[in-house]
Amino acid sequence: MWKIAFVAALVVVGAVFAADEKKCTIVSELENKTVTVGDKCNWIEDCKQCGDCDWFIYCNKTTDLWTKGDCDVEEEADGSIFLDKKLFWKLGNETDVGGHCAPWKSLKPDEAAGYRANGETCKEICKVEGDSKNARLFHYTEPDIDNNIWRANPVPLCCEEGTRFDDSKKQCVLCRGAADCNADCPY
């Protein structure tokens, strides 16, 4: 029978990451089979799926290619995402398709803990991003999983006059160059 491989350390169950390439491993009693998005597959034989966090890989019947699918999510008008409106990959067992997308509350405790700990590939982490229209304006986002918030509405903040936000440093820096460091900042 087929089953999804377990991968140790901080890499979440069954998934391997390389840049933007998505791949995961399906294990049978005879062989391990690593599947990568874009590789050829045979939809008659390749019935199992594998995934991680909020995505999965399946054999596309139309293209005969391993294809990435996304678990469903409903985003609020302000950009927030609540845990009860987001689905996550839930590892299956030997008798099913390999797993399925499911609500956070139905994940096994070790799966939920792995997703919470995996800031590189799954967990919505604190973000600080500059504004494309105002050199002084930046946006701060912090998740609050304990209060059912996967992604919170960004909070707008401003650098002081004479400084601008630097996306590469994720911090306000002295103004150098053409950026308008004295632009009005509404916050």
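Within segment 55-66, which residues are surrounded by fewer than 18 Cβ atoms within 10 Å (Cβ to Cβ) and touching a Phe, Trp or Tyr at 6+ places or on another chain (Cβ under 8 Å)? Working first, answer last.
Step one: filter segment 55-66 for residues surrounded by fewer than 18 Cβ atoms within 10 Å (Cβ to Cβ), giving 60-65.
Once the filter is applied, which keeps residues that are surrounded by fewer than 18 Cβ atoms within 10 Å (Cβ to Cβ) and touching a Phe, Trp or Tyr at 6+ places or on another chain (Cβ under 8 Å), segment 55-66 yields N60, K61, D64.
Does segment 74-92 include one or more residues that are over 18 Å from the mean Cα position of the chain (by Cα), at pLDDT below 90 and more than 27 Å from V155 (Cα to Cα)?
Among the residues of segment 74-92, at least one is over 18 Å from the mean Cα position of the chain (by Cα), at pLDDT below 90 and more than 27 Å from V155 (Cα to Cα), which makes the answer yes.
Looking at (1) out of contact with any helix residue (DSSP H, G or I) (no Cβ under 8 Å at 6 or more places or on another chain); (2) among the β-branched types (V, I, T); (3) assigned by TED's automatic domain parsing to the domain that holds D167, find the lone condition where I145 falls short.
Here I145 clears every test but (1).
With the structure loaded, tell me whether W150 is of a type outside the set (V, I, T), touching a helix residue (DSSP H, G or I) at 6+ places or on another chain (Cβ under 7 Å), surrounded by 14 or more Cβ atoms within 10 Å (Cβ to Cβ) and not assigned by TED's automatic domain parsing to the domain that holds C71 or whether it fails that test.
Values: of a type outside the set (V, I, T): yes; touching a helix residue (DSSP H, G or I) at 6+ places or on another chain (Cβ under 7 Å): yes; surrounded by 14 or more Cβ atoms within 10 Å (Cβ to Cβ): yes; not assigned by TED's automatic domain parsing to the domain that holds C71: yes.
Considered against the rule, which asks whether it is of a type outside the set (V, I, T), touching a helix residue (DSSP H, G or I) at 6+ places or on another chain (Cβ under 7 Å), surrounded by 14 or more Cβ atoms within 10 Å (Cβ to Cβ) and not assigned by TED's automatic domain parsing to the domain that holds C71, W150 comes out as yes.
So the check is Cβ under 6 Å with 6+ separation or different chains; which pairs have a first residue in segment 57-77 that's part of a loop (DSSP other than H, G, I, E, B) and a second one that's surrounded by 12 or more Cβ atoms within 10 Å (Cβ to Cβ) and not hydrophobic (A, V, I, L, M, F, W, C)?
So the pair list comes out as N60/T67; C71/D54; E74/K85.
Across segment 103-120, what is the number of residues that are buried (at least 17 other Cβ atoms within 10 Å of the Cβ) and not in a helix (DSSP H, G or I)? Quick ask: steps written out before the conclusion?
Initial filter on segment 103-120 (buried (at least 17 other Cβ atoms within 10 Å of the Cβ)): 104, 107, 111-112, 114-115, 118.
Next cut, not in a helix (DSSP H, G or I) only: 107, 118.
Within segment 103-120, residues that are buried (at least 17 other Cβ atoms within 10 Å of the Cβ) and not in a helix (DSSP H, G or I) number 2.
Please list, ordered by first then second residue, the pairs with beta carbon atoms under 8 Å, 6 or more apart or interchain, first in segment 152-165 and closer than 13 Å to E129 by Cβ, second in a strand (DSSP E or B) and among the basic types (K, R).
That search, which allows pairs on different chains as well, returns P154/K127.
Please verify whether segment 27-47 includes one or more residues that are closer than 24 Å to W104 by Cβ and buried (at least 17 other Cβ atoms within 10 Å of the Cβ). Before the answer, list the steps.
Step one: filter segment 27-47 for residues closer than 24 Å to W104 by Cβ, giving none.
Taking every residue of segment 27-47 in turn, none turns out to be closer than 24 Å to W104 by Cβ and buried (at least 17 other Cβ atoms within 10 Å of the Cβ).
The values are calculated or read from the model by the stated rules, or taken from the named source; none is laboratory data. These figures come from a predicted structure and were not determined experimentally. We place every Cβ from the backbone using ideal geometry, glycine too, and count neighbours over all the protein chains shown.
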